[in-house]
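The values are calculated or read from the model by the stated rules, or taken from the named source; none is laboratory data. Just so we're clear, the structure is a prediction, and the values are computed from it rather than from any experiment. Cβ atoms come from the backbone with ideal geometry, glycine included; neighbour counts cover every protein chain shown. Heads up: the accessible areas ignore ligands, DNA and RNA and are worked out on the full protein's heavy atoms, side chains in. Shrake-Rupley method; radii C 1.70, N 1.55, O 1.52, S 1.80 Å.
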Amino acid sequence: MAGYQSLAGLDVPAVIAAPHRLGYRTRVKLVVRASGGDIAAGLYVPGTHRVMDISSCAVHPRPVNQVVQYLKKKCLELKITPYDERVDEGELRYFDLRYSFLRREVSVTLVTRHREFPEGGPLARALMRKFSWVNGVIQNINEQRGNVIWGDRNIMLAGRDTLLEKIGPLTLAYPAGVFSQANPATAQILYESVAEMAALTGQDSALDLYCGVGPISLTLAHRARLVWGVDDSSLSIDTAKQNARRNGVGNCRFFHGDVALKTAAAKSSLGRIDCVAVNPPRKGVQPAALGALIALQAPRIVYVSCEPASLARDLDQLLHQGYRVNRLQCFDMFPQTDEVETVALLVK
């Protein structure tokens, strides 16, 4: 958090360790690239277009590694050409896999350059015949050039498009395309910390911005009078509503739309808001949404961040609006890396 005088001297306690250091990663996104006569499935080497194959990785659950290795072999057999964004040629762009520890299942999404993908059906059927734990295969269509991962259209090739996972007392559905934490064991500890920092009394109104499929909203709901969850993804909000019903939670309301506009609407509808949870993407809170958040004048803000740089920027602005950082805690959400997830409690 260097460069912000307002954050100088901030007390940062030791990182809370992850329960598991290997085999924890339930969301795996791998670039697919031709490599000689083989296929590489992995990550870009920083600053290059070269892909380092990590199709067998110790942080992936073993079933995920097995599925990836089979996918590579089967793609060669079916003559599926990996995409190369440098020349805009080829078809298969990414493997995106989710793993459920609850049901020991894998969901596979194949990201393609074009809608036409005749090999997709045979590949999906072969995959589900080979592995009883593959619960579904989805084609995501990204017709743009470049290396952006997701397109905006999905087609079911086989099976189901949703996995269930248990995080603490909650059973949560995750369809293809929505955000999920990569490490559910650490996520449970983090959500419990968010609830502790929120310090709700049972009579409070709370707002959850960038709520995704609702894990923080539903965690807070047990200690709140009412929780509003807001997200700009309609799929996430639809799923959050389903997750509320699935877990028997009746005091959550979920709203799809621009976060800044919905935050202002919450102020108008709810009046006093006692606590706001914020869990934005890596780029942090959008400027308009941050302005709307400040306008709420909520006595407590619990900010969850996966990116220290954007967190520092946003904390600096909130501190200049009369907040102070009461607590700050980092969590090892990504063991074997230098990345952390951070939760900050701001009070007014």
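Details
- Annotation: per residue accessible area for region 249-348 equals 40 Å², rounded to a whole number [probe 1.4 Å, protein chains only].
- Pairs of Lys residues in the chain are counted when their Cα atoms are under 27 angstrom apart and they lie 8 or more places apart or on different chains; the count is 22.
- Scanning the chain for GluC sites (Glu not before Pro) that sit in a DSSP loop and have at most 12 other Cβ atoms within 10 Å, the longest stretch containing none of them is 144-348.
- Environment charge of residue 278, counting only residues whose C-beta is closer than 14 Å and scoring Lys/Arg +1, Asp/Glu -1: -1
- For region 71-151, the list of trypsin sites (Lys or Arg not before Pro) that fall in a loop by DSSP and count at most 12 other C-beta atoms within 10 angstrom reads 79, 86, 104, 115, 145.
- Bridge type composition, the chain - antiparallel percent by DSSP, nearest 5: 65 percent
- Computing FRET efficiency as 1/(1 + (r/R0)^6) for residue 268 and residue 160, where r is the C-beta to C-beta distance and R0 is 41 Å, gives about 0.55.
- Applying 1/(1 + (r/R0)^6) with R0 = 22 Å to the Cβ-Cβ distance of residue 171 and residue 226 gives a FRET efficiency near 0.50.
- Rounded to the nearest 5, the antiparallel percentage of DSSP beta bridges internal to region 1-136 is 90%.
- Nearest-0.05 FRET efficiency for residue 62 and residue 116, computed from C-beta distance (R0 30 Å): 0.30
- Centroid-to-centroid, using Cα positions, region 178-192 and region 133-174 are 18 Å apart.
- Shape of region 209-348, Cα gyration tensor, a/c cut at 1.5: oblate
- When only alpha carbons are used to place a centre, region 59-126 and region 278-326 end up 38 Å from one another.
- Other residues lying with their Cβ under 12 Å from the Cβ of residue 15 contribute a combined charge of -4, Lys and Arg counting +1, Asp and Glu -1.
- If the chain linking residue 38 and residue 347 were pulled fully straight, counting 0.36 nm for each residue of separation and taking away their Cα-Cα distance, it would gain 105.7 nm.
- 22, 7, reordered so the largest accessible area comes first (probe 1.4 Å): 22, 7
- Residue-count net charge about residue 84 - beta-carbon cut-off 15 Å; Lys, Arg +1, Asp, Glu -1: +1
- Along region 252-265 the Karplus relation, 6.51 cos²θ - 1.76 cosθ + 1.60 evaluated at θ = phi - 60°, assigns HN-Hα couplings of 10, 10, 10, 9, 8, x, 4, 5, 4, 5, 5, 5, 5, 5 Hz to successive residues, with x for each Gly and Pro.
- Inverse mean reciprocal Cα-Cα distance (Kirkwood Rh) of the chain, Å: 21.3 Å
- Note on residue 52 and residue 339: their simple-model spin labels are 1.4 nm apart, each label 7 Å out from Cα toward Cβ.
- Taking the chain and dividing mean pair separation by its residue count, relative contact order in percent (alpha carbons under 8 Å, at least six apart): 15 percent
- Long-range amide H partners of residue 158 with built H, under 5 Å: 137
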